[in-house]
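Report on the following structure.
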Amino acid sequence: MAKIKWNWPFIIGFLIVFVGASIGFLVYAGTNHFCGSVCHSMFVYRDTWEVSSHGPKVLKDEPVACEECHYDRGIKGYIAGKISGMRSMIKEITATYHTPIKGEPKEARCKECHDIKKLNETETHRIPHESHEAMGLKCMSCHAGLVHGREGEGEAKMTHDACQQCHDTANADECTKCHKW
Ligand code: HEC
Ligand code: HEC
Ligand code: HEC
Ligand code: HEC
Ligand code: HEC
């Protein structure tokens, strides 16, 4: 019986290249460059992110990456995010994408970077964050359009609309309740 002759150098070489390429792809697919350049439906999100307060135009070498807001923390979140991303890519390739696509970020991720317990005022405004969160308000109730606000122009500016529902922003006696004039 003829013995099978394995071409070990070839097999090992192939495995190294294959595994290397797979890891390389996975890492590359995680970069903003890949997501922004391959996923057509992501263009608008990449472009707005780029010039937003969290993007490279403002934070230079340390921008907040897409997955830091959109994926859950840890390896499980990373894999889940990747699978969801791959699913998006298949839809992209087969042109079965329906915009808008679901991508609400996780508030827990915001809070990992921003300690809102201590956030009662900014340089210009008074805004006790914790008590407003306790009323059931979400970050995005007020910070709508924070990252992907206006196409090409970065974030959308907050307006009285975010407060008007509960505060009388037209009452001249109330202005300094929020504004540090
Ligand atoms: C600082 C956090 C943050 C970063 C970083 C970020 N996003 Fe978002 N993203 C948001 C928020 C908040 C929303 C919800 C919509 C809104 O309020 O603008 C959102 C929404 C989205 C949506 C879905 C919109 C919808 O209607 O469901 C997509 C897709 C998306 N982002 C892609 C990206 C991509 C791609 C990047 C990186 C180039 C990115 N995001 C970076 C916070 C972020
Ligand atoms: C990986 C860390 C990180 C994550 C996640 C993150 N941010 Fe930020 N955020 C920053 C940094 C860094 C800045 C710029 C410096 C600063 O103001 O602290 C910033 C700035 C801001 C500002 C001030 C923007 C301005 O124009 O002055 C707001 C508001 C904000 N983030 C809200 C959010 C919300 C809401 C989320 C979740 C959707 C979020 N951030 C997620 C790091 C993060
Ligand atoms: C009730 C509305 C409201 C909610 C809800 C809210 N914010 Fe804010 N936030 C504001 C206002 C108003 C400012 C001040 C804007 C300014 O100074 O121009 C602000 C400022 C900030 C800043 C900038 C702080 C600085 O020193 O410049 C960060 C970061 C921030 N918010 C994060 C968050 C996060 C994270 C959440 C959700 C957990 C959240 N906010 C929920 C209204 C809100
Ligand atoms: C869902 C309703 C709601 C929204 C939306 C809301 N607030 Fe409030 N806010 C309240 C309530 C209720 C209180 C506590 C009672 C009060 O002082 O009016 C409060 C209190 C405050 C206080 C403390 C007032 C004091 O006398 O100490 C500030 C400052 C404030 N809000 C700012 C804002 C700003 C800025 C926005 C918009 C970015 C906003 N709020 C949006 C309900 C809301
Ligand atoms: C409940 C809180 C609240 C009250 C009351 C309020 N404002 Fe504001 N105002 C805000 C917030 C929040 C913004 C948006 C801040 C930002 O751009 O980040 C804003 C924005 C503005 C702006 C746009 C320019 C800017 O500063 O960005 C003007 C002008 C202004 N307010 C004037 C007034 C006047 C005048 C009154 C009283 C008649 C008043 N506000 C009452 C919260 C308030």
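The values are calculated or read from the model by the stated rules, or taken from the named source; none is laboratory data. As the structure is a computational prediction, the values presented were derived from the model and not from experiment. Please note: Cβ atoms are built from the backbone with ideal geometry, for glycine as well, and neighbour counts cover all protein chains shown. What goes into the accessible areas is simple: the full protein's heavy atoms, side chains included, and nothing from ligands, DNA or RNA. Shrake-Rupley method; radii C 1.70, N 1.55, O 1.52, S 1.80 Å.
Here are the numbers:
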{"quantity": "Test: GLY136 is surrounded by 13 or more Cβ atoms within 10 Å (Cβ to Cβ) and either out of contact with any Ser or Thr (no Cβ under 7 Å at 6 or more places or on another chain) or under 28 Å from ARG46 (Cβ atoms) (or both)", "calculated": "no"}
{"quantity": "Condition met for GLU155 (at pLDDT 95 or above, of a type in the set (Asp, Glu) and either open to solvent by 80 Å² or more (accessible area, probe 1.4 Å) or within 10 Å of ligand 2 (Cβ to nearest atom) (or both))", "calculated": "no"}
{"quantity": "Those residues of segment 162-178 which are more than 23 Å from LEU146 (Cα to Cα) and of a type in the set (Val, Ile, Thr), in sequence order", "calculated": "THR176"}
{"quantity": "Whichever residue in segment 40-58 is open to solvent by 70 Å² or more (accessible area, probe 1.4 Å) and at pLDDT 90 or above and, among such residues, is farthest from GLU107 (Cα to Cα)", "calculated": "LYS57"}
{"quantity": "Criterion (open to solvent by 60 Å² or more (accessible area, probe 1.4 Å), assigned to a loop (DSSP other than H, G, I, E, B) and of a type in the set (D, E, K, R)) met by exactly one of GLU123, GLU130", "calculated": "GLU123"}
{"quantity": "Any hit, segment 104-122, residues being among the aliphatic types (A, V, I, L, M) and under 15 Å from the mean Cα position of the chain (by Cα)", "calculated": "yes"}
{"quantity": "Subset of segment 144-160 [in contact with a helix residue (DSSP H, G or I) (Cβ under 8 Å, 6 or more places away or on another chain) and either within 19 Å of HIS114 (Cβ to Cβ) or among the small types (Gly, Ala, Ser) (or both)]", "calculated": "ALA144, LEU146, VAL147, HIS148, GLY149, GLY152, GLY154, GLU155, MET158"}
{"quantity": "Residues located in segment 160-173, provided they are surrounded by 10 or more Cβ atoms within 10 Å (Cβ to Cβ) and more than 9 Å from ligand 4 (Cβ to nearest atom)", "calculated": "ASP168"}
{"quantity": "LYS111 being closer than 24 Å to HIS54 by Cβ and either at pLDDT 90 or above or surrounded by 10 or more Cβ atoms within 10 Å (Cβ to Cβ) (or both)", "calculated": "yes"}
